[in-house]
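The structure appears below as structure tokens.
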Amino acid sequence: MLERPPARFTILYEDKDILVVDKPSGYLVLPDRYDASLPNLVRVLSVRRGKVFVVHRIDKETSGLVLFAKHEVSHAALSQQFEHRLVQKRYYAITVGALPSDEDVIDAPLVQSDRDEGLMKVDVKRGKEARTRYQATEVFKGYSFVELHPETGRTHQIRVHLQHAGSPILADPLYGDGKPFYLSGVKTHYKGLEEERPLLARTALHAVALSFVHPGTRERVQFGAELPRDMEAVLKNLRRFCRVVSFASNGK
């Protein structure tokens, strides 16, 4: 039996060359090699739209923009743009703690972990180049809201880089503590249901914007995806119950 998809995805744009999807958290981009029943975009889109070509991917728990090509020519053109770092990507993350500065570049080479298959780690000697620009747009007591621009596209790059910088992504089970976010954790004298439901229970990372040269028109285009409800709910309550702190007051 196929697993029921966690939420509906939205096709934001489609023409004869490309297809842009706003992916909810919980969807894979490609079929899982161990469990084909897990919901994935390629399978669903292939049924609805015919064959699609994967240009890039984001993690299962990450929400936001995913770009597909609709034929081999556009696939080759888009893949070349990603390879030569001509695609501009922007992400939002909610992190635990504060980063070393409000704006900087994390330049930390990445390599696959020797101990844990599928995990990445920073390794200056053996790792491949990996760079992520970031700006902490809002800093709260115990949390940060961060805008990120990955300049390279390594596996788990943003997640590892934020962990390396001392501020892992909220609820990240691989590179953070994996703990869900509950309102009771930030609201003093919380009085709610005995079995409280978390406001967010997945890696708080969202692919918010994507800009590239359209393979058909040769013009630069840009797409955006609104922040999903779970991340919006966390931010709303952080703004309400967690005072804003400065980097200076953190002693950094």
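What to note about this one:
- Test result for Gly26, within 30 Å of Cys242 (Cα to Cα), at pLDDT below 95 and of a type outside the set (A, V, I, L, M, F, W, C): yes
- The residues of the stretch 76-104 that are under 30 Å from Leu199 (Cα atoms) and aliphatic (A, V, I, L, M), listed by number, are Ala93, Ile94, Val96, Ala98, Leu99.
- Annotation note: of Leu199, Leu170, Leu148, the sole residue that is crowded, with 16+ Cβ neighbours inside 10 Å, farther than 29 Å from His75 by Cα and touching a helix residue (DSSP H, G or I) at 6+ places or on another chain (Cβ under 6 Å) is Leu199.
- Candidate set from the stretch 185-212 (those that are out of contact with any Gly (no Cβ under 9 Å at 6 or more places or on another chain) and either among the charged types (D, E, K, R) or at positive phi (or both)); member that is modelled with the lowest pLDDT: Glu194
- Some residue of the stretch 9-24 being within 30 Å of Leu199 (Cα to Cα), out of contact with any Pro (no Cβ under 7 Å at 6 or more places or on another chain) and of a type in the set (Ser, Thr, Tyr): yes
- Condition check for Gly64: assigned to a strand (DSSP E or B) and either surrounded by fewer than 19 Cβ atoms within 10 Å (Cβ to Cβ) or in contact with a Lys or Arg (Cβ under 8 Å, 6 or more places away or on another chain) (or both): yes
- Exactly one residue out of Arg43, Arg8 is farther than 21 Å from Gln222 by Cα and assigned to a loop (DSSP other than H, G, I, E, B): that is Arg8.
- Filtering the stretch 67-86 to residues that are in a helix (DSSP H, G or I) and in contact (Cβ under 8 Å) with a residue 60 or more places away in the chain leaves Val73, Ser74, Ala77, Leu78, Gln81, Phe82.
- When residues of the stretch 73-86 are limited to those that are surrounded by fewer than 19 Cβ atoms within 10 Å (Cβ to Cβ) and among the aliphatic types (A, V, I, L, M), the one nearest to the chain's Cα centre (by Cα): Leu86
- Just one residue in the set Tyr134, Tyr182, Tyr143 is aromatic (Phe, Trp, Tyr), out of contact with any Gly (no Cβ under 6 Å at 6 or more places or on another chain) and in contact (Cβ under 8 Å) with a residue 60 or more places away in the chain; that residue is Tyr143.
The values are calculated or read from the model by the stated rules, or taken from the named source; none is laboratory data. In this text, all values refer to a predicted model and were calculated from it rather than measured experimentally. Glycine gets a Cβ as well: all are built from the backbone with ideal geometry, and neighbour counts include every protein chain shown.
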